[in-house]
Amino acid sequence: MPNLNDILIMLPELYLVVAACLLLLLDAFMALKERPWLHWISIAVLLVAIYLVIVGQPAQSVTAFGGMFVRDGVSEILKVFALLTTAIVFVYARPYLIDRKLVTGEFYTLMIFAVIGIMLLVSAGSLITVYLGLELLSLSSYALVALNRDAKLPSEAAIKYFVLGALASGMLLYGMSMVYGASGMGGTPTLDLAQLHHVSSYTTAPKLLLFGLIFMIVGIGFKLGAAPFHMWIPDVYQGAPTPVTTFIASGSKLAAFGMAYRLLDAGMGDLSHQWQLMLAVLAVLSLAIGNLVAIVQTNLKRLLAYSTISHMGYLLLGLSAASPEGYAAAMFYAICYALMSVAAFGVILALARSGFECEEISDLKGLNQKSPWMAFLMLLAMFSLAGVPPLFGFWAKVLVLESAIHANMLWLAIVGVVFAIIGLYYYLHVIKVVYFDKPAEGSVLAAKPDISLRVVLSLNALALLALGLYWGPLLSWCRSAFGL
Amino acid sequence: MNPQLFQLICFYGFGFITVVAALSVITLKNTVHAVLSLVLTFFSMACLWMLADAEFLALALIVVYVGAVMVLFLFVVMMLDIDQEKIREGFVKFLPIGLIVAVAMLVEMLGLIGVKAMHAQVMGPDPAAAAGVSNTAWLGQALYTKYLLPFEVAALILTVGVVAAVALTLRQRVGVRHESANEQVRVNPRDRIRIVKMDAVRPAQPTPVPPQEPSS
């Protein structure tokens, strides 16, 4: 039976559920001229949730609801950064949404519901929680992508996302049912990830278990956007309203890492020798496709989409090491990627105006002459994404490569380095356009006068530099979560 | 007749109908027929669940999906003006490739899991029967105790569905003529009819000045 202790462990999630429902009511009953307050209330809601997560941090891993919900160091860190990046997305989104008349309570509520999905996903202790958290996140994301109904591209992107997402969920469920069945052969069937950990030692159907594992990896690959399950990423990134793209590229990726960690390590850790190579193949494919196809992109959002695919390759590099060190490096990478992509999309959001999405690379021509500070922030974001020292992205790359070498996968690390150099080209191309091209006739390219956006965006991009110089505490926080 | 044999025959019978109906959902030309065969799929699936002693789930499937969702779906499909030929385009063209992929996957799956794994497996005792309560009662107890968290999260997902549906469909479009019942009720007679006092005799109107031609 659930008791008060279970509820206290889940306090941040329950608080967010209540807050999201209250926001819905507020949106319905608020006077029209007070609606803008919803924006600040939503940000406050997220900040309070971060506070609740940090304050309630348990000394060691605790579970609630009979092991279905796990609260440990990994989930705490991922939750803090998922909430933080979502709050940043809210700040960046406001001028964009106002320009396009999309400022509705639904945007904020759906985002918060998606964050609740992320929080459930990263602390899932059972297959059923993984699936439900994933669906909560995905359904909210589909709706958010389609939010701008008057344009054509978002609807197309939403349909593609929905159909492929449903297919991936089906694959994941199919794999889970196989794993469940395998756990019932020679023992009691279980959905609990901690119990599934030992299934491979007793099951009479080891091939069935492996079969289920492969389907689950397909689901994980889709959620991460790793090649060859990456088809949805470019279209969704391009079609979705830019704030939603930012969210999918940041919070969602933290969730995908959390899901992969829970399913693969907590659930299928005994089979790590089986899935290590599968992840390595996914990593190499993602690195190749992401970096090579990004070179020919002319649309900045599509370029960032392919860059996501390549970054997921690096993340998989860390995961495929299948050691606490590798997981810590991968989590560090996920956090780093979330902060970098939020900054990159933040610059796009700051420059977009109504009727001008600022999503072509050529739109950025001569940004340095028009708005030097924005150009500098873009430079920081791009250099960090490319992994140029001393920025944050460099250390994240170094760590995953190191973990791959320690896991005796030197070839994988070499592939990673080669593609990092290839990837440098298209990031530098953006910087070249920003700094060395002449502005086009009549281009405005002025940053939004929104103070909160400018301040947070500057802090965000400068944090990439600061964390690049002083990354020790964050890394040791990540490592401590895995008992290192 | 041996009851176990009868059950086995029923299982394969319903299983066969389910697969055939599911296949016809995606192969039938007429959309309405496809929806109807989806109903048949659900129905035979419910029968399969009935065989597995999951009476409540079977009934819920029929009442909720067949009774409510599919009927609604049927209405929507009937109302939509779908160009059948256009949807079918490419179906025949890609059929061979699809068939090859499907057969290859089936063979691979059977090869991997092995036909050996298909022999009867004795699963654990039915927890409902062990507890001495009906299937429905056991399900209800499990949902509100052991599976409380997933159950509530499922409710949350439904809430998201409602919010998303409203956010995506309720929008004010300009240039669409529609009645606003609210305004109709609140209307004030004074706004609609203006009583004007006029002189009985029309005053002499000033002759309108012809507009000046703009000098070029």
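We did not get these values from a lab; they are worked out from the coordinates using the rules stated. What you see is a predicted model; the values in this text were computed from it and never measured. All Cβ positions, glycine included, derive from the backbone under ideal geometry; neighbour counts span all protein chains shown.
Starting at the first residue of segment A:163-178, write each ³J(HN,Hα) from the Karplus equation 6.51 cos²θ - 1.76 cosθ + 1.60 with θ = phi - 60°, in whole Hz, x for Gly and Pro.
In residue order, the calculated couplings are 5, 5, x, 5, 4, 5, 4, x, 4, 4, 5, 4, x, 4, 5, 5 Hz.
For segment A:287-296, take each phi angle, set θ = phi - 60°, evaluate the Karplus expression 6.51 cos²θ - 1.76 cosθ + 1.60, and give the result in whole Hz per residue in order, putting x for glycine and proline.
4, 5, 5, x, 6, 6, 6, 4, 4, 8
Separation of segment A:262-340 and segment B:130-159 by C-alpha centroid, Å?
37 Å
Give me the percent of Cα-Cα pairs in chain A that sit more than 37 Å apart, rounded to a whole number. Walk me through the numbers before you get to the answer.
Details: 25829 of 116886 pairs.
The share of Cα pairs beyond 37 Å in chain A comes to 22 percent.
Mind listing the Cα extents of segment B:1-83 along all three principal axes, in Å, largest one first?
If we take the Cα atoms of segment B:1-83, the spans are 51, 25, 14 Å.
Ignore the peptide's own chain and count Cβ atoms of other chains within 10 Å of each Cβ in A:131-143; give me the average, rounded. Numbers along the way, then the final one.
Numbers: counts 2, 8, 3, 0, 5, 6, 2, 2, 7, 5, 1, 3, 8.
Taking all residues of A:131-143 together, the mean is 4.
Among A:CYS336, A:CYS358, what is the fewest-to-most ranking by other Cβ atoms within 10 Å?
In increasing order of surrounding Cβ atoms, one gets A:CYS358, A:CYS336.
Within 10 Å of each residue's Cβ, count the other Cβ atoms and sort A:ARG35, A:ARG100 from fewest upward. Present the calculation step by step, with values, prior to reporting the outcome.
Working: A:ARG35 14, A:ARG100 19.
Listing A:ARG35, A:ARG100 from fewest to most nearby Cβ atoms yields A:ARG35, A:ARG100.
Would you tell me the mean number of C-beta atoms belonging to other protein chains that fall within 10 Å of each C-beta in B:178-189, as a whole number?
On the way: counts 0, 0, 0, 0, 0, 0, 0, 0, 0, 0, 0, 0.
That average works out to 0.
Given segment A:171-326, report the % of alpha carbon pairs whose separation exceeds 29 Å.
Cα-Cα pairs of segment A:171-326 separated by over 29 Å account for 23 percent.
Rounded if a/c is under 1.5, else prolate if a/b is larger than b/c, else oblate: which is segment A:70-158, with a ≥ b ≥ c the root eigenvalues of its Cα gyration tensor? It would help to have the intermediate numbers written out before the result.
Numbers: a/c = 3.34, a/b = 1.70, b/c = 1.97.
Oblate, because a/c is 1.5 or more while a/b does not exceed b/c.
Show me B:156-168, A:457-469, B:135-147 ranked by packing, highest mean number of other Cβ atoms within 10 Å first.
Numbers: B:156-168: 16.8, A:457-469: 18.5, B:135-147: 15.3.
Final packing ranking: A:457-469, B:156-168, B:135-147.
Fewest to most neighbouring Cβ within 10 Å: what's the order for A:HIS230, A:HIS273?
With the fewest neighbours first, A:HIS230, A:HIS273 line up as A:HIS273, A:HIS230.
From the backbone phi of segment A:312-321, what are the Karplus-calculated ³J(HN,Hα) couplings (6.51 cos²θ - 1.76 cosθ + 1.60, θ = phi - 60°) in whole Hz, Gly and Pro given as x?
5, x, 5, 4, 5, 4, x, 5, 6, 5
Averaged over B:154-166, how many beta carbons belonging to a partner chain fall within 10 Å of each residue's beta carbon? The partial results should precede the final answer.
Details: counts 4, 1, 12, 10, 1, 7, 15, 3, 1, 11, 12, 1, 3.
Counting Cβ atoms of other protein chains within 10 Å of each residue's Cβ and averaging gives 6.
For A:ALA124, what residues show an amide H to amide H distance below 5 Å, using hydrogens built from the backbone and excluding near sequence neighbours?
Counting only residues 5 or more places away or on other chains, the set is A:VAL70.
P(r) tail for segment B:126-171, what percent of Cα pairs lie past 16 Å?
Roughly 55 percent, once rounded to a whole number.
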